[in-house]
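A.B. asks: Sharing a structure with you now.
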Amino acid sequence: MKFFVVAALLAVAAADNAPYTTPAPTYAPTYRPTYAPRPAYHPQPAYKPAPYHQESYDQPPKYDYSYDVHGYGDYEPVFNAQEARDGYATQGSYSVVLPDGRTQTVTYRVDDAYSGNIAEVTYEGEARYDEYKPSYKPSYPQPSYKPTYKPAYGN
């Protein structure tokens with residue numbers, strides 16, 4: 001038994017004198033990237049955008065419009081308008097059928113920036129008025145008002 005103890009001590013002493021080396025890592029990375037993003041590439045457009053041009057509001061206006069309205073029922077209002085403008089030169093008219101049956105027409109024009117508005121008003125037809133017939137009749141007697149005073153002079 002002494003032999004075994006001495007052999008064990010010699011083995012421990014021999015192992016103690018051996019140089020120590022760091023073991024190499026034995027693991028492998030578990031994650032491996034499978035996607036590598038490509039560099040962003042934005043090619044220049046094949047066309048040239050049109051240069052920005054601000055519209056000028058100093059250009060003279062030019063337009064033309066008209067409208068007509070026809071009513072319904074007992075009193076059918078009828079009116080219309082039309083106007084045309086090219087720069088300052090403007091001309092137009094509007095008309096309306098009045099409740100008395102006449103048609104009123106206003107014709108106007110503006111020649112330039114300095115002449116102002118020139119208008120002419122005309123009427124067509126004759127005014128017709130229905131006979132007045134009151135529709136309200138009171139159901140109670142009307143009071144009579146008589147003066148109850150006598151003048152103090154002359155008696």
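The values are calculated or read from the model by the stated rules, or taken from the named source; none is laboratory data. Source: prediction; values computed, not measured. Cβ sites come from the backbone with ideal geometry, for glycine too, and all protein chains shown count toward neighbours. The protein model used for the area step is the full one, side chains on, heavy atoms only, and it has no ligands, DNA or RNA in it. Shrake-Rupley method; radii C 1.70, N 1.55, O 1.52, S 1.80 Å.
A.B. asks: For residues that are open to solvent by 100 Å² or more (accessible area, probe 1.4 Å), closer than 30 Å to residue 86 by Cα and out of contact with any strand residue (DSSP E or B) (no Cβ under 9 Å at 6 or more places or on another chain), tally how many sit in segment 23-64.
C.D. replies: 8
A.B. asks: When segment 90-110 is examined, which residues are found to be open to solvent by 50 Å² or more (accessible area, probe 1.4 Å) and out of contact with any strand residue (DSSP E or B) (no Cβ under 6 Å at 6 or more places or on another chain)?
C.D. replies: 99
A.B. asks: Please indicate, with yes or no, whether at least one residue in segment 138-147 is part of a loop (DSSP other than H, G, I, E, B), more than 29 Å from residue 68 (Cα to Cα), open to solvent by 100 Å² or more (accessible area, probe 1.4 Å) and aromatic (Phe, Trp, Tyr).
C.D. replies: yes
A.B. asks: Wholly within segment 10-117, which strands (runs of 3 or more DSSP E) include no fewer than the required count, namely at least 3 residues that are at pLDDT 85 or above and among the charged types (D, E, K, R)?
C.D. replies: 62-70, 78-86
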